[in-house]
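Working notes for the structure below.
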Amino acid sequence: MEPELRHHLTGAVATVVIDRPAKRNAMTAAMWRALPPLLDALAADPAVRALVLTGAGGTFCAGADIATLREGPEEAQRLAVAAEEALAAFPKPTLAAIRGHCVGGGTQLAAACDLRFAEEGALFGVTPARLGVVYPASATRRLAALVGPAATKYLLFSGELIGTGRALRTGLVDEVLPAGELAERVEEFTRVLVSRSALTQAAAKEFADGRTGRDAYWAAQARGSGDTAEGVAAFLECRAPRFTWNGPV
């Protein structure tokens with residue numbers, strides 16, 4: 001039987017695949033539990049410079065397997081939030097590559113990524129109101145930071161699905177690609193990501209996510225890394241920079 005979470009490394013890009021297509025990649029309790037340690041291992045791998053999260057079989061993720069709610073909604077939410085927080089805390093750029101349904105826990109995971117690229121025809125929704133479930137506070141705040149309070153209320157109050165046009169307008173996705181072009185665009189864009197300064201990306205991710213108090217730390221990292229000098233020299237010499245920072249110096 002195929003593993004329900006699998007991953008592979010292409011160059012400096014790790015791809016994590018939610019692989020349960022017979023159930024539209026609905027997340028079981030075991031899958032939620034498996035995601036944080038997998039992300040920890042990939043974060044610790046110096047060969048990994050960016051991460052892509054996607055789904056197998058033409059669907060991103062249809063959310064939590066309803067069977068997990070029968071085992072106890074509070075435990076199911078705890079597992080989902082732990083996976084979401086681990087994804088949001090991943091220290092390198094993350095991108096969700098979305099086809100088909102991205103619903104419930106699927107949207108929760110996508111919103112925890114730094115960027116979201118979607119194929120035309122994808123559908124998005126946050127559906128706890130259909131089940132009488134209180135959506136986690138952390139996930140609600142993250143969604144509101146991404147799309148604003150009004151769009152968050154629309155999604156949570158109604159449980160309705162929206163298409164890529166509305167998702168793009170509200171900021172839920174960053175790019176929408178024609179059918180068949182998503183994989184090529186993700187490959188192209190992640191090549192750009194891994195060619196840029198990991199130092200800039202790590203600091204920018206922390207600042208953009210609202211984590212404060214480490215300005216002096218990042219200034220010291222910039223001074224000690226040599227990446228700024230390399231970037232300026234490369235620009236003046238009309239060549240590609242060779243950045244070397246990949247962690248604390």
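The values are calculated or read from the model by the stated rules, or taken from the named source; none is laboratory data. Note that the structure is predicted; figures quoted are calculated from it, not measured. Here Cβ is always computed from backbone atoms with ideal geometry, including for glycine, and neighbour counts include all displayed protein chains.
Miscellaneous remarks
- Hey, VAL232 under 17 Å from the mean Cα position of the chain (by Cα) and of a type in the set (A, V, I, L, M) or not: no
- Residues located in region 210-243, provided they are within 24 Å of ALA88 (Cα to Cα) and surrounded by 13 or more Cβ atoms within 10 Å (Cβ to Cβ): ARG214, TRP218, GLN221, ALA222
- Boolean, THR107 is hydroxyl-bearing (Ser, Thr, Tyr) and under 27 Å from THR200 (Cβ atoms): no
- Test: residue in region 94-104 that is over 21 Å from LEU155 (Cβ atoms), out of contact with any Leu (no Cβ under 8 Å at 6 or more places or on another chain) and not polar (S, T, N, Q): no
- Meets criteria (closer than 25 Å to GLY210 by Cβ and either among the hydroxyl-bearing types (Ser, Thr, Tyr) or assigned by TED's automatic domain parsing to the domain that holds ASP65 (or both)) for ALA129: no
- Checking ARG185, ARG242 one by one, the residue that is out of contact with any Pro (no Cβ under 7 Å at 6 or more places or on another chain) and outside the structural domain of GLU85 (by TED's automatic domain parsing) is ARG242 and no other.
- Those residues of region 192-209 which are loosely packed, with under 14 Cβ neighbours inside 10 Å and in contact (Cβ under 8 Å) with a residue 40 or more places away in the chain, in sequence order: SER195, ASP209
- Among residues of region 156-172 that are at positive phi, those with a beta-carbon under 6 Å from a residue that is of a type in the set (Ser, Thr, Tyr) at least six positions away or on a different chain give the pairs GLY159/THR127.
- Residue within region 25-47 that is in the same structural domain as GLU184 (by TED's automatic domain parsing), under 18 Å from VAL126 (Cα atoms), assigned to a helix (DSSP H, G or I) and β-branched (Val, Ile, Thr) present: no
- Filter pass, ALA83 being within 12 Å of the chain's Cα centre (by Cα), part of a helix (DSSP H, G or I) and either free of Cβ contacts under 8 Å to residues at least 60 places away in the same chain or crowded, with 24+ Cβ neighbours inside 10 Å (or both): yes
- Condition check for VAL232: under 30 Å from PHE124 (Cα atoms), assigned to a helix (DSSP H, G or I) and not aromatic (Phe, Trp, Tyr): no
- Which listed residue is in contact with a Lys or Arg (Cβ under 8 Å, 6 or more places away or on another chain), among the acidic types (Asp, Glu) and either surrounded by 13 or more Cβ atoms within 10 Å (Cβ to Cβ) or within 30 Å of ALA229 (Cα to Cα) (or both), from GLU175, GLU188, GLU160: GLU175
- Of all the listed residues (GLY165, GLY247, GLY148), the sole one being assigned by TED's automatic domain parsing to the domain that holds THR15 and exposed (fewer than 13 other Cβ atoms within 10 Å of the Cβ) is GLY165.
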